[in-house]
Amino acid sequence: MPVAERAGQPIDYSAQGPSGAPVVALLHNLLTDRTVFSAQVARLSERFRTLAIDLRGHGGTPARRPFAVRDLVEDVLCVLDREQVQTAFLCGISLGAQVGLELALAQPARVRGLVAMAPHPDRASARDRVMSTLGAAAVCLLGPRRLLPRAALPQLFGHTFRSQAKAEVAAWADKLAARGRLDTVRALRAWAARPALADRLARVRTRALVVVGEEDTAHPVALAERVQRAIPGARLALVARAGHTLTLENPHETGRLIEEFLA
């Protein structure tokens, strides 16, 4: 798999699909990795060039030092530059949606269109920041294996997926348990320190689709509705039988929505 590098920080990603085709960069959510888009990559790569990126602290991309959301924006731009891509569609979930929106605000000429899945318009609340600080401290002390699966799985997946896809949920529990301690701490801290988007979304000028799972308890539908109303001309789509990681939970419907938007 190709690896980009920015200031000593490697960025692992996969590139599939025909050279010269329109490019879509796929950006996963917190504590997962680019494989949450595997079904969509298989579907899209016949017509599009797909770049599925492991964000810092996730998958094959270590967090060599503490980072912020703005570093992830620069990392994505670094991958686009390495691939010699001037403009791309962006599709992100949660943390990935935050990165996509920030990139669309900072470099609108680089973004052809944006699919924001399970977005959050606000900065972390004081309670969330305290809980994240305590969670990061606990991970430092005890490690991910004893904490993450129990705490994260109900946030990552809706009740339908957790009840009907037990083998996949168990595999993700193993992935969470095997995460690196420092990568996890730095990722949690970056998300807790994210800037608010709400008062800037009206400045997004790219074509946008906002998507949310109907069973998402981490970022409920009401948050996606706020984001959709704030972005000029944005559309909203709800995905049934899906929670926060909706590309895994209902891959057919999310793939259809993304493909229709790109077309």
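The values are calculated or read from the model by the stated rules, or taken from the named source; none is laboratory data. A quick note: this is a predicted structure, and the numbers were derived from the prediction, not measured. So basically every Cβ, Gly included, is an ideal-geometry build from the backbone, and we count neighbours across all protein chains shown.
A few notes on this one:
- Subset of region 205-238 (residues that are small (Gly, Ala, Ser), closer than 21 Å to VAL111 by Cβ and surrounded by fewer than 17 Cβ atoms within 10 Å (Cβ to Cβ)): GLY233
- Within region 54-61, not a single residue is touching a residue at least 24 places away in the same chain (Cβ under 8 Å) and farther than 19 Å from VAL99 by Cα.
- Sole residue being touching a Pro at 6+ places or on another chain (Cβ under 6 Å) and of a type outside the set (A, V, I, L, M), chosen from ARG205, ARG162, ARG200, ARG194: ARG205
- The residues in region 135-155 that are in a helix (DSSP H, G or I) and either at pLDDT below 80 or basic (Lys, Arg) (or both) can be counted, and the count is 13.
- Test: residue in region 245-252 that is of a type in the set (Asp, Glu), surrounded by 24 or more Cβ atoms within 10 Å (Cβ to Cβ), out of contact with any Leu (no Cβ under 6 Å at 6 or more places or on another chain) and assigned to a helix (DSSP H, G or I): yes
- Cβ-Cβ under 6 Å pairs, at least 6 apart or on other chains, region 9-31 side within 28 Å of GLY243 (Cα to Cα), far side surrounded by fewer than 22 Cβ atoms within 10 Å (Cβ to Cβ) and among the charged types (D, E, K, R): VAL23/ARG49
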